[in-house]
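Shown below is the structure under consideration.
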Amino acid sequence: MAQIMNVIEATGRWVRFRIEEAGRAGRFIEEAARATVSLRSWFPNATLQMRRLGVDSLPIGLLIAVFTGIVLALLASYSFTGAVPLYFVGTLVEKTITLELAPVLTGLALAGRVGANIAAELGTMRVTEQVDALETLAYDPDAYLVVPRVFAGTLMFPLIVGVAMIVGLGAGWLASIGFLQLSTDEFLKGARMFYTAFDVEYGLVKAASFGFAVTLIGCYKGLRARGGAEGVGNAATAAVVYSAVMILVLDAFWAMTWLHGRS
Amino acid sequence: MIKWLDVYKAFGEKKVLDGFTLDVHEGEAVVIIGYSGAGKSVAIKHVVGLLEPDRGTIEVDDKDVPTLPRKELYELRAHIGYVFQFAALFDSMTIGDNVAMGLRKRGELSESEIAQRVGETLELVDLPDVQQQYPAELSGGMRKRVGIARAVALRPKYILYDEPTTGLDPVTSAVIDELMIRMREKLGVTSVVITHDMRSAYRVGSRIAMLYEGRVRQVGTVQEIQQSKDPIVRQFIEGRATLEDGESHSPTKPGAAIAGGATARGGGRV
Amino acid sequence: MKRGNDFIVGLVVIGSVVAIVLFSLWLSQASLGSKEKDVVARFTDVGNAKVGNSVVIRGVQAGRIQSIELETTGWVLVKMSLDQDIKLPSNPVVVLSESSMFGEWQATIMERSAAPDDADVQQQLAQSAAVGRGNAIPGARLPDIAQLTAVAGRIAGDMSRVADRFQVAFDDRAAAELRQSIRNFADLSAELERTVRSQSQSLSQLGADVHKTVGTINATAVAVQRTADRVDSSTSKGQIHQIMDNVGQASEDIKVTSHDLRDASHSLMATQQQLSSVLTHADSVLGKIDRGQGSLGMMVNDPTLYQNGDALLSQMRELVAEIRAHPRQYLSVKIF
């Protein structure tokens with residue numbers, strides 16, 4: 001009986017903690033949104049963050065795209081086993097790269113790179129009182145630290161993903177020519193057969209939502225870091241885990257709300 | 001004038017401020033002494049609105065800090081310099097940029113005027129040649145001086161020092177003490193200094209307040225404190241392990257533990 | 001440092017935006033800046049054609065469908081943008097047809113005289129041309145494999161008429177030969193069924209129009225059934241029943257496959273034409289039988305008629321074998 005009570009109590013505490021956490025996150029987002037208004041206070045910092053979170057993330061994004069493209073081409077030709085004309089390799093590579101793999105794989109990789117980076121940096125600033133110092137100098141940490149990062153993430157993720165789409169399709173094309181004896185024309189025919197601008201649009205919007213979520217979670221976890229090196233480490237871990245989960249959730253969300261029901 | 005009136009603050013179960021009341025008048029240098037973890041930092045963090053009290057008021061120039069709208073709070077902060085315990089320099093920026101941060105935010109001065117002010121201010125703390133260096137390249141004492149420079153660059157009316165000499169060798173401590181006195185004399189700032197270094201307290205303070213169990217145990221001039229009859233004050237200022245009657249003393253109230261709670265929740269060092 | 005940053009970020013942002021936009025345009029084959037001219041065609045029905053579908057002249061891509069508008073007068077106007085230097089035929093018409101089994105359509109611009117010799121198509125073109133307003137060129141939408149079965153239906157009708165004659169008089173030898181013929185036909189149809197079944201497995205997408213086909217086949221089946229009933233009475237071997245079963249089986253198969261069948265492929269038309277020619281052949285043979293030469297004794301005693309029938313069957317068999325041997329040539333390759 002006592003054990004059951006313990007379990008119920010523990011569950012209650014857990015639920016309460018989660019709800020509180022959600023409330024705090026909501027207030028955090030509200031604060032960040034309010035801080036966005038004062039453009040002057042954060043925009044000068046945005047380019048630095050765009051460089052660090054975006055431009056510097058390009059290589060990893062492109063590396064992923066290259067391998068994804070190659071693997072997809074080979075995977076497609078293997079799956080078709082002669083029953084489906086080979087030029088559908090192009091179709092499959094185009095569709096999967098633009099709709100799903102470029103945004104999600106890049107997003108997951110950047111969740112590690114960007115999310116952990118932000119959480120660790122802001123976490124360190126928090127535990128060494130640099131965030132407090134900012135406040136005493138009349139800086140709003142939300143405007144000064146959070147908004148530029150979230151802005152940079154939301155803007156740069158789609159760009160990285162867009163370039164990854166191009167590179168991924170290019171890699172798939174090279175793999176098709178090199179390994180599958182497919183001609184450029186055939187590959188292109190397949191890629192173009194079902195291509196619509198929506199594919200790219202969908203992928204980019206998804207990427208923007210990932211960028212938004214990853215940077216926001218990184219900032220939130222970082223600014224809430226407590227207690228020295230361990231706290232910073234925990235914040236970084238939590239940021240990566242939450243970001244990755246959020247990416248998958250958002251992926252499903254977009255698929256259900258936007259992709260689903262389109263002909 | 002900075003005025004704490006019956007301030008209560010608890011972190012969870014732990015009461016840190018328990019009816020804290022203290023006035024700091026213009027031109028004064030009030031030193032708050034007390035055990036580690038007694039709530040000294042918490043008290044001054046309330047002044048700049050980094051923490052909000054559970055109960056009570058904190059007034060700066062007759063403005064009630066906890067109820068100030070955000071915009072006015074930021075305006076107020078521009079008049080208060082805060083020197084952090086570990087300097088809390090922005091380690092991604094050069095020393096020059098660190099010092100210029102507050103000035104840039106205020107936006108009253110041109111870039112060249114800011115550069116000039118930064119130079120002057122660093123000279124004031126005897127660090128004329130470090131502008132292009134990064135915080136990691138400096139020693140602890142130098143960093144504290146940069147922290148002071150950053151706080152005074154805005155020529156604030158008040159400066160709050162959070163354990164400015166903790167962790168420094170006696171000579172460097174003396175240099176910092178000198179610096180604090182110089183700031184008061186040259187710039188006419190009102191200062192609040194938190195320390196548990198009594199030598200420093202006597203040197204710098206015009207008045208000393210002892211914080212014990214969440215409230216002010218005794219406040220008075222340096223002389224009054226030195227001649228205090230209060231056993232707990234005496235124990236602290238003489239740095240003994242026991243009370244005068246030979247009885248072993250350890251702070252009993254929660255929140256006043258010497259060892260525990262070096263770091264409070266809320267990010268503030270207590 | 002700061003300015004270098006801004007420069008690199010700006011470069012990457014602008015570079016990627018340009019790259020992504022160009023990539024998207026290139027994939028959708030939109031033309032940038034090249035000169036184009038518009039051609040408008042008038043249709044009664046545009047089937048499944050959509051904006052962006054290819055416009056083809058003599059099998060070469062020449063442009064894209066720019067817009068499809070429903071006119072108040074009941075016509076559908078299709079605007080196509082073609083490359084500037086493309087020359088249209090002197091008397092052009094536009095024919096819409098499927099270009100793949102996935103519902104992708106294309107518009108083919110061709111000489112009026114080269115338009116498919118199909119009554120429906122010709123009628124559509126004639127009606128469209130008759131409106132004659134503006135400079136819209138006449139357009140028609142190609143029919144689909146329903147046609148194939150219509151021909152088969154006609155043949156079935158002919159057969160039933162022949163069978164009527166058979167009923168008039170019948171001798172043993174004629175019956176034996178007829179039996180032989182019927183057996184051949186039965187074998188052939190069984191083979192057809194197998195072919196259809198095997199081919200239907202490689203067809204993944206099939207069109208809704210075949211629903212109509214099934215109806216036609218059923219009607220055919222009924223007609224043939226009537227014939228069979230009559231023939232049956234004299235042959236009493238039940239082969240016709242077997243044929244009918246086979247035909248029924250085949251139509252079942254088609255019905256099953258027809259679930260996915262979207263639309264008949266334009267390229268299937270080629271196959272269809274071959275089948276049509278065979279069937280026309282059959283038509284003419286049966287026609288001969290039907291015409292006065294068609295007294296029973298004459299048919300029985302004139303070996304050429306029978307041989308013609310036999311040749312027709314072997315021709316069909318060859319076609320079936322051919323289709324089976326090179327299914328891609330007739331089906332898969334064209335379908336995709």
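Only the coordinates and a few stated rules stand behind these numbers; no lab work does. Nothing here was measured: the structure is a model prediction, and the numbers come from that model. Backbone-built Cβ (ideal geometry, glycine too); neighbour counts: all protein chains shown.
Set the bar at 25 Å for Cα to Cα. Now go through B:Lys14/B:Lys157; B:Lys71/B:Lys157; B:Lys15/B:Lys105; A:Lys95/C:Lys50 and name every pair that lies beyond it.
The answer is B:Lys14/B:Lys157; B:Lys15/B:Lys105.
Would you mind working out the magnitude of the charge dipole of region B:106-178 relative to its Cα centre, with +1 at each Lys and Arg C-beta and -1 at each Asp and Glu C-beta, to the nearest 20 Debye?
The dipole of region B:106-178 has a size of about 260 debye.
Please arrange B:Ile181, C:Ile137, A:Ile160 by counting, for each residue, the other beta carbons lying within 10 Å of its beta carbon, fewest first.
B:Ile181, C:Ile137, A:Ile160
If each residue of separation counts as 0.36 nm, what is the full-extension length gain between A:Thr36 and A:Arg16 once their alpha-carbon separation is subtracted?
Gain on extension, A:Thr36 to A:Arg16, equals 4.2 nm.
With label points built 7 Å along Cα→Cβ from the Cα atoms of B:Ser112 and A:Thr81, find their separation and express it in nm.
According to this spin-label approximation, the distance is 7.9 nm.
Sticking with this one: Say each of B:Val171 and B:His25 gets a label point 7 Å from the Cα, pointing the same way as Cα to Cβ; how far apart are those two points in nm?
Distance between the two pseudo-spin positions: 3.9 nm.
To continue, here is another question. Taking R0 as 56 Å, what FRET efficiency do you get between B:Ala136 and A:Lys189 from their Cβ-Cβ distance, rounded to the nearest 0.05?
Working: r = 58 Å, r/R0 = 1.03.
My answer for the efficiency is 0.45.
So, one more: Within 10 Å of each Cβ in peptide B:142-152, how many partner chain Cβ atoms are there on average? Round it to a whole number, please.
Going residue by residue through B:142-152 and averaging, the value is 1.
Over chain A, with a Gaussian network built from C-alpha contacts below 10 Å, which listed residue (A:Arg13, A:Arg226, A:Arg51) shows the highest mean-square fluctuation?
Most flexible of the set in this elastic network: A:Arg13.
What residues have an amide H closer than 5 Å to that of B:Leu211, excluding those fewer than 5 places away on the same chain, when H is modeled at 1.01 Å from N in the peptide plane?
Counting only residues 5 or more places away or on other chains, the set is B:Ile33, B:Gly34, B:Arg217.
Can I ask one more? Starting at 0 and stepping by 5 Å, how many percent of the alpha carbon pairs of region C:35-142 end up in each bin?
With 5 Å bins starting at 0, P(r) equals 2, 13, 26, 27, 21, 9, 1, 0.
Note down the nm distance, to one decimal, between modelled labels 7 Å out along Cα→Cβ at C:Gln315 and at C:Trp26.
Spacing of the two 7 Å Cα→Cβ label points: 5.2 nm.
Evaluate E = 1/(1 + (r/R0)^6) for B:Glu123 and B:Lys63, where r is the Cβ-Cβ distance and R0 equals 30 Å; express this FRET efficiency to the nearest 0.05.
Efficiency, rounded to the nearest 0.05: 0.35.
Could I ask something else about it? In region B:2-230, what percentage of the DSSP-assigned beta bridges are antiparallel, given to the nearest 5? It would help to have the intermediate numbers written out before the result.
Working: 21 of 38 bridges.
Here the antiparallel bridges make up roughly 55 percent for region B:2-230.
Using alpha carbons only, how many angstrom separate the centre of region A:109-185 from the centre of region A:20-75?
Result: 4 Å between the Cα centres.
Given a 10 angstrom Cα cut-off, can you work out which residue in A:Ser176, A:Ser79, A:Ser57 is the most mobile in a GNM of chain A?
Of the options given, A:Ser79 has the highest mean-square fluctuation.
Going by how many other beta carbons lie within 10 Å of each one, how would you line up B:Lys63, B:Lys105, fewest first? Walk me through the numbers before you get to the answer.
Values: B:Lys63 13, B:Lys105 19.
In increasing order of surrounding Cβ atoms, one gets B:Lys63, B:Lys105.
Please report B:Ser110, C:Ser128, B:Ser41 as a ranked list, fewest other C-beta atoms within 10 angstrom at the top and most at the bottom. Please list the in-between numbers first.
Details: B:Ser110 9, C:Ser128 22, B:Ser41 25.
Least to most surrounded, the residues fall as B:Ser110, C:Ser128, B:Ser41.
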